[in-house]
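Only one structure is covered here, and it is reproduced in the block below.
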Amino acid sequence: MLILGIDTSCDDTAAGVLRGPREVLSNEVATQFDLHAAFGGVVPEIASRAHTERITRVIERAVEKAGITLRDLDAIAVTNRPGLVGALIVGVSAAKSLALTLGIPLVGVHHIEAHCTAALAEHPDLAFPFLALVASGGHTALYDCRSPLEIEVVGQTIDDAAGECFDKVAVMLDLPQPGGPSVSKLAEGGNPKAVRFPRARVKSDPLAFSFSGVKTSVLYHLKGPGGRRDAPDRDDLETTYADVAASFEQAVVDALVTRSLAAVEAKGYADLVVGGGVAANQRLRADLAAKAPAGVHVRFPSMGLCADNGAMIALRGAQLLAADITSELDLDVSATGEPGALL
Ligand code: KG4
Ligand code: ZN
């Protein structure tokens, strides 16, 4: 079965082709970093317009690279929740047109469920149940993935997402967006123990995350005691920017590692799956692999399947289609929505 997956939930225009149930044939992404750079964050209207301009070419490229034609497709999977509404509408409209024209099924996919299950494509022995950590620019949460149709949140951030925190700290350190890769690169030359940034715990919920404290601590560290520096000044700082980047990165990674390992142990599962853009972080990968107890396998998707992409949407679509779940041509989009709930 050949499935085209489309994702336009935020600022990446993405399409990929999957030979079901797990073989990725292509995975094309057009990023928009340059368009949003001047605004310090994703501007929804600009994202929607850019998706409109690019979606057709990205789908064409995905189909070409898979070595097939549109007529070979058996189904279209598309992210319809959660995300920026105007951005989602572009992908969903393209998916509907294709499904209608080709006379094939359409299936709406939950973006986070797709991140949870993306690692299945590259780990043939991975099977439900497993625990998933999804850390991206918009989400940071732990999911109990009991079966393809039972994916439930067991702990989540009460404030910022981990990736969002990397992006904001990048602004403080004068680094380009997206912040994750640029902060990590700078951190390579720094001492992760130079500054002890807080590892906030949420008293009422041992599996919850909180990242706003570490972000604020970085700002105060850069401003100096009593906030005496109006603007961060590199020359007047006791630690280098690389030390700050490394110490910040370590604080975020420690929080992700401790909660993920606590959750997988509490469930008694043998597999911890990691997904979302932050899963590309090398320190997270190294620390999780080193600290996982015997009997727990940590499964990372390759870089192209970590960040937003179309192949993971096709893969999740394949799981839903296998359970006879399809969507009608009046499929709606939603900015929110918990995993597990069918729209
Ligand atoms: O999953 P994703 O592509 O899009 C969302 O759904 O948000 O994740 C993007 C996020 C950004 O915040 C980016 O800074 C972060 O993932 N990211 C990283 C790394 N690469 C990307 N964060 C930490 N370390 C990285 N190497
Ligand atoms: Zn995502």
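The values are calculated or read from the model by the stated rules, or taken from the named source; none is laboratory data. None of the values given here were measured: they were computed from a predicted structure. Every residue, glycine as well, gets a Cβ built from its backbone with ideal geometry; the counts of neighbours run over all protein chains shown. What goes into the accessible areas is simple: the full protein's heavy atoms, side chains included, and nothing from ligands, DNA or RNA. Shrake-Rupley method; radii C 1.70, N 1.55, O 1.52, S 1.80 Å.
At R0 = 25 Å, how high is the FRET efficiency between Ala262 and Asp159 if r is their beta carbon distance? Nearest 0.05 is fine. Walk me through the numbers on the way to the answer.
Working: r = 20 Å, r/R0 = 0.78.
The calculated FRET efficiency here is 0.80.
For the chain, take the longest principal axis of its alpha carbons; what is the angle in degrees between that and the long axis of helix 310-322, to the nearest 10 within 0 to 90?
So the inclination is approximately 50 degrees.
Straight distance only, please: which lysines reach the Cα of Lys223 with their own Cα at less than 22 Å, same-chain residues fewer than 8 apart left out?
Filter leaves Lys168, Lys193, Lys215.
Could you tell me which of Phe300, Ala14, Val24 has its Cα farthest along the dipole of the chain towards the positive end, charges placed at Cβ (Lys, Arg +1; Asp, Glu -1), taken about the Cα centre?
Of Phe300, Ala14, Val24, it is Phe300.
Roughly speaking, what % of Cα-Cα pairs in the chain are separated by over 27 Å, rounded to a whole number?
Summing the P(r) of the chain above 27 Å gives 45 percent of all pairs.
If I stretch the segment between Ala289 and Ala323 completely, what's the gain in nm (0.36 nm per residue apart, minus their alpha carbon distance), one decimal?
8.9 nm
Looking at the chain, what % of its DSSP beta bridges pair antiparallel, to the nearest 5?
Taking every DSSP beta bridge with both residues in the chain, the antiparallel ones total about 60 percent.
Using a 1.4 angstrom probe with every protein chain in place, what is the largest-first accessible-area order of Lys223, Lys203?
Descending accessible area places them as Lys203, Lys223.
With an 8 Å Cα cut-off and a minimum separation of 6 or more residues, compute the relative contact order for the chain in percent.
For the chain, the relative contact order is 25 percent.
With the chain treated as a Gaussian network of Cα nodes joined by springs under 10 Å, which of Gly275, Gly295, Gly304 yields the largest mean-square fluctuation?
Of Gly275, Gly295, Gly304, the most mobile in the Gaussian network model is Gly295.
Using mean Cβ contacts within 10 Å as the protection proxy, how do 51-61, 326-336 order, highest first?
In decreasing order of mean packing, 51-61, 326-336 become 51-61, 326-336.
So what is the accessible area of the chain per residue, in Å², with the probe set to 1.4 Å?
With all protein chains present, the chain gives 42 Å² per residue.
When the accessible area of region 126-300 is split by element with a 1.4 Å probe, what percent falls to carbon and sulfur?
Carbon with sulfur: 54 percent of the solvent-accessible area.
Would you be so kind as to identify which of Ser182, Ala77, Ala311 lies farthest towards the positive end of the dipole of the chain, taking Lys and Arg as +1 and Asp and Glu as -1 on Cβ and the Cα centre as origin?
Ser182
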